[in-house]
1. Per 0.36 nm of contour for each residue apart, how much would the distance between residue 19 and residue 68 grow if the chain were fully extended, relative to their Cα-Cα spacing?
2. Compute the semi-axes of the equivalent ellipsoid of the stretch 25-115, taking the square root of 5 times each eigenvalue of the Cα gyration tensor, and list them largest first in whole Å.
3. Applying a 10 Å radius around every beta-carbon, put 56-62, 66-72, 90-96 in order of their mean neighbour count, most first.
4. If I take R0 = 25 Å and measure r between the Cβ atoms of residue 79 and residue 30 in this structure, what FRET efficiency does the formula 1/(1 + (r/R0)^6) give, to the nearest 0.05?
């Protein structure tokens, strides 16, 4: 009696093991780009990339290594905070109050309603 042949030539494990790797790589690239797009939308990075916008960011507010990043059109300036006290001439523009919930309310000198900053 002749032995039966259980496996055909087109068995799935006879394929090239690297053939599915390119599909996995493509899916991972789409997934990573989706994450980058979500990050850009959530942190309002579109404004940083727009050459006509003006943006001010505060990194580590209240910490000794606090930085203020100012983008004015196509110029970006980074200010590192120090312990030195600034001096000079100036005019009072208004008053800022920190509420119990952490919000900062700025009241301009000649204004009728306050503007809220968080």
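1. Numbers: separation 49, 0.36 × 49 = 17.64 nm, distance 4.96 nm.
Roughly 12.7 nm would be gained on extension.
2. Values: eigenvalues 235, 63, 49 Å².
Each semi-axis is √(5λ); the values are 34, 18, 16 Å.
3. On the way: 56-62: 10.9, 66-72: 14.1, 90-96: 8.9.
Highest-to-lowest ranking by the protection proxy: 66-72, 56-62, 90-96.
4. Numbers: r = 38 Å, r/R0 = 1.54.
Efficiency, from the Cβ-Cβ distance: 0.05.
Readers should treat all values here as calculations from the given coordinates under stated rules, not as data from a laboratory. Fair warning: this is a prediction, and the values are worked out from it, not measured in the lab. Here Cβ is always computed from backbone atoms with ideal geometry, including for glycine, and neighbour counts include all displayed protein chains.
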